[in-house]
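The values are calculated or read from the model by the stated rules, or taken from the named source; none is laboratory data. As the structure is a prediction and not an experimental result, all values here were calculated from the model. All Cβ positions, glycine included, derive from the backbone under ideal geometry; neighbour counts span all protein chains shown.
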C-alpha cells in the first residue's frame, strides 16, 4: 500500500506537525506502513503552467508521480483567506485531472477558528470529487489551541487522527476487495 | 439489502421518472433487488417541527424508518432556486442527524440547465456528509432535453444510471466486507 | 421603505427572538421604520407545488407579495442538518425567481455551534444571488450561548445587529441614489 | 477612481483576453477611466510565505499595493480542477485579510464547460466576502466557444461585460455617496 501525506502549507509548522502526528498514530495501528510525507514547504514547486505533469523538471515529476501512484493520499491544509492556500491549490493544478482516480483520500485541517470548519466541505471536497478521488467523509479539524508546546497535540486529536487512519485503511481494503470482485465479474 | 429511492420533488414528473428509470436499470443488474420508492409528491409530509422522528404520525414514522433502516438510499432532486427543493430539505430535517450513518447514498439530479451542475457538490453532499452518510461521489445529472416523450430517457442517461447502480452495489458490498473485518478485529 | 423580516424556522424560538431583537435595534436607529415580521412558524405555508405565486390561496399570496414588494428583506434562519431549514427553502421556492431583484437582503443565523458559520456562504447566499438580490455581505451569526434568559441577547449581539441594520439602511439609500442616476442617464 | 483588473491565470490566453475585452467595453462607457491590468502570467509572484505584504520584494509590494489602494478590482479567472487556479488563490494569500475592505469587486470567469458555472459562488465569492469586499453579484461567465479567432469575443459577451462595467461603476458611485453621508452623520 502506497501512502502519501501532503503537507499543503508553505507557511508555519502546524500543518506539518499535524501530518507528522497522523503518521505516528498510523504507525501504531500498522507498524509496517510505508508513509511518505510530501512537504510543500520544503519542495519549492513551480506554478502550474499548463504542461503535462510528466513534462516538468525531474524532481517535480518525481513528486507528482508519488501522488498519482499512491493508494492513499491525505491532504493536510491550513486555512488561508477562508480557503485552502494557493500552494495546495497549485499542487492540485500540477496534477492531471484523473490523478486521484481510485485513490482513497483523507483531509486534515489546521485552523485558528472553528468558524472555518465547513471550508473542507466547500473548497476541498469538490476539488477531490472532480479529480475522481474516493473521499473519506469525516475529516480532522485541529485548532491552534489543540497544539501544546512544540511537538504535542491534545489526546482527543490523537483519537480523531487514529480514527481517520482507521477509516482510510478500511476504505482502501474495501476498494481492493471490490476491484477484485469487479475483475472477476468482468472476466479479466 | 434494503434499497430506498427518494423522489424529492413535489412538483412535476421528471425526478420521479429519473428515479423510476434508475430502478429499471438497477433491476437489469440485480433482478432480485427489493427497491422501495418514496415519492414525496404522493406523501404529503408535514414540516419538521422539532419532534423526535418516532413521535410523528404513524405513516410519517413508517416512511422515515424506511430511510433509517436502509442500506442504500438514492436521493433524486430537481433544482429549485439553484438548490434542492424545500420538500427534500424538509425530509432531511425530519430525520435524526445520524439517520444515514453507514448508509451508502447516491444522487440523481434533474435540471433545466447544466449551469447548476455543481449544486449537488455545494448543497446536497455537505448535508449527506453531516448526516454521516457514505456518499458515492459521481452523481447522475439529467437535463430536461435528456427526456424523450413520456417514459424514455436517452441511452447515455441509462448508461450513467447503470454506472451509479453498480457503484452503489459495489460500495455496499465493500462496506459489508469491512464491517465483518472490523467486527472480527474487535472480537465481536 | 418597505422592510420585511422573515423568521425562517417553524421550530423553537431563537430565530424569532433574534429577528425581534433586530427590529428593536433597527427602530433605535430609525424610529419611523415600518418593519413587518413574517414568521413561518405562525403561517403554515403549503409546499411549493409549481404554481405561479399569485395563484396560491389568498393569504399565501398576501405574504409572498410582501416580500416581492419589499425594499429590504432580512432572512433569519437556524441551522438544520448543516443547512437552512426546509421551511425557509420552501419559502424561496414559493417565490418567483426574480422576487428579490433589486431587493437589499441581510442574513441572521442562529446556531448551536460556530462550526456552521460558513453555512450562510455555502447555502444561503448562492440562493439569494440566483434570485438577483443585493446581498449585504456581513451577516450576524448568533450562538445559543448568546441568548440570556427569555428575551435578551448579549450586548455584542446587539452591536452586530445594529451594524447590520445600518448596512441595510445605507445600502438601500445607495441603491435608490443609483436608480435615480440610472433613470437620469437613460432619460426616463 | 482607481481601477485594477487582475488576470488570475498563468496559463493560456483566454482570461487575459476576457479582461482586455472588459477594459475595451469599460472605456467605451467611461473614456477617461484609468484601468491597470495586473497579469499574473507576466509577474512571477512568489508563494505567500506568511510575511506582511509590505515586507515582500519591492515589485511585489508595488503590485499588491495597487490592489489594496484600488476602488474597484475585477478578478478574471479560469477554472482549474473545478476551482480557481493556485496562482490566483496565492494572490489572495499575499494580500492582508482586509485588503478588499470597501473595495467594489467583480468576477469574470473563462471556462471550457458551463458545468462549472457555480464555481464562482462556491469558491471565489466566499473568499471575497471573507476579505470584506463589496461583491457585485452578477458575474460574466465566458465559454471557450464564445471566443472567436484571436482577439474577438461574441457580441453577447460584450453586452454582458458592458453590464458588469456599468454595475461596478454605479456600485462605486453608490459607495462614495454613502461614505459621504456616513461621514456627515458621524460629524467627521
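Quick look at the numbers
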| read-out | value |
| --- | --- |
| Among the residues listed as C:79, C:60, C:68, the single one being under 24 Å from residue C:1 (Cβ atoms) and either touching a residue at least 24 places away in the same chain (Cβ under 8 Å) or in contact with a helix residue (DSSP H, G or I) (Cβ under 9 Å, 6 or more places away or on another chain) (or both) | C:68 |
| Output for region A:138-160, where each listed residue is crowded, with 20+ Cβ neighbours inside 10 Å and either within 30 Å of residue D:80 (Cβ to Cβ) or at the interface with chain B (Cβ under 10 Å from one of its Cβ atoms) (or both) | A:139, A:140, A:141, A:142 |
| Residue, farthest from the other protein chains (Cβ to nearest Cβ), within region A:108-127, restricted to residues that are in a helix (DSSP H, G or I) and more than 19 Å from residue B:135 (Cβ to Cβ) | A:116 |
| Looking only at region B:59-82, and only at residues there that are under 28 Å from residue D:118 (Cα atoms) and more than 11 Å from chain C (Cβ to nearest Cβ), the one that is farthest from the chain's Cα centre (by Cα) | B:77 |
| Of all residues making up region A:129-173, the number that are touching a residue at least 24 places away in the same chain (Cβ under 8 Å), closer than 26 Å to residue A:68 by Cα and part of a helix (DSSP H, G or I) | 12 |
| Test for residue A:133: is it buried (at least 22 other Cβ atoms within 10 Å of the Cβ) and modelled with pLDDT of 95 or more | yes |
| Close pairs (6 angstrom Cβ cut-off, 6 or more residues apart or separate chains): within 13 Å of chain A (Cβ to nearest Cβ) and closer than 23 Å to residue D:148 by Cβ in region D:10-39, at pLDDT 95 or above and part of a strand (DSSP E or B) anywhere | D:14/D:110; D:15/D:7; D:15/D:76; D:15/D:78; D:15/D:110 |
| Hits in region A:40-58 - residues which are away from chain D (no Cβ under 11 Å) and over 12 Å from residue A:99 (Cβ atoms) | A:42, A:55, A:56, A:57, A:58 |
| Residues (in contact with a strand residue (DSSP E or B) (Cβ under 8 Å, 6 or more places away or on another chain) and within 30 Å of residue C:43 (Cα to Cα)) located in region B:15-48 | B:15, B:16, B:38, B:39, B:40, B:41, B:48 |
| Qualifying residue in region D:83-105 (condition: more than 17 Å from the chain's Cα centre (by Cα) and surrounded by fewer than 21 Cβ atoms within 10 Å (Cβ to Cβ)) | no |
